[in-house]
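Below is one structure, written out as structure tokens; comments come after it.
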Amino acid sequence: MPVRQRGPARFQLPDGDEERRAQRLQQIFDLTPSEARLTMWVMKETPTREIATALGISIHTVRTHLRNIFVKCEVRGQGALRALVQRAT
């Protein structure tokens, strides 16, 4: 299933930069590698079900990771997470 992009493509990265950005998120917000990868998908405004499919995990696992990410980043939703990451990186 192709990843659907909604809204303006604000988060475009050249090859290789995405992995470096994920590592930076791990350092800044104390995220696990899985949480950092999932955050990168959130930055692309990918729907939760598509994230689960792309990462080969259940939607419940995606939601658990999201809850943990929100706690660590002290935000309440995906929009606030995107705004925080945009400012921080």
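Here are a few things to note about the model shown:
- Condition check for residue 38: at pLDDT 95 or above, of a type outside the set (Gly, Ala, Ser) and not in a helix (DSSP H, G or I): no
- When the range 51-85 is filtered for residues that are in contact with a helix residue (DSSP H, G or I) (Cβ under 8 Å, 6 or more places away or on another chain) and touching a residue at least 40 places away in the same chain (Cβ under 8 Å), the ones remaining, listed by number, are 54, 69, 72, 73, 81, 82, 85.
- Residue list for the range 39-70, restricted to those being among the aliphatic types (A, V, I, L, M) and more than 17 Å from residue 83 (Cβ to Cβ): 51, 52, 54, 55, 57, 59, 62
- Here residue 2 does not fit the description of being modelled with pLDDT of 50 or more, over 13 Å from residue 82 (Cα atoms) and surrounded by fewer than 13 Cβ atoms within 10 Å (Cβ to Cβ).
The values are calculated or read from the model by the stated rules, or taken from the named source; none is laboratory data. Values in this document were obtained by computation on a predicted structure and should not be read as measured data. For neighbour counting, all protein chains shown are included, and Cβ atoms are generated from backbone atoms with ideal geometry for every residue, glycine included.
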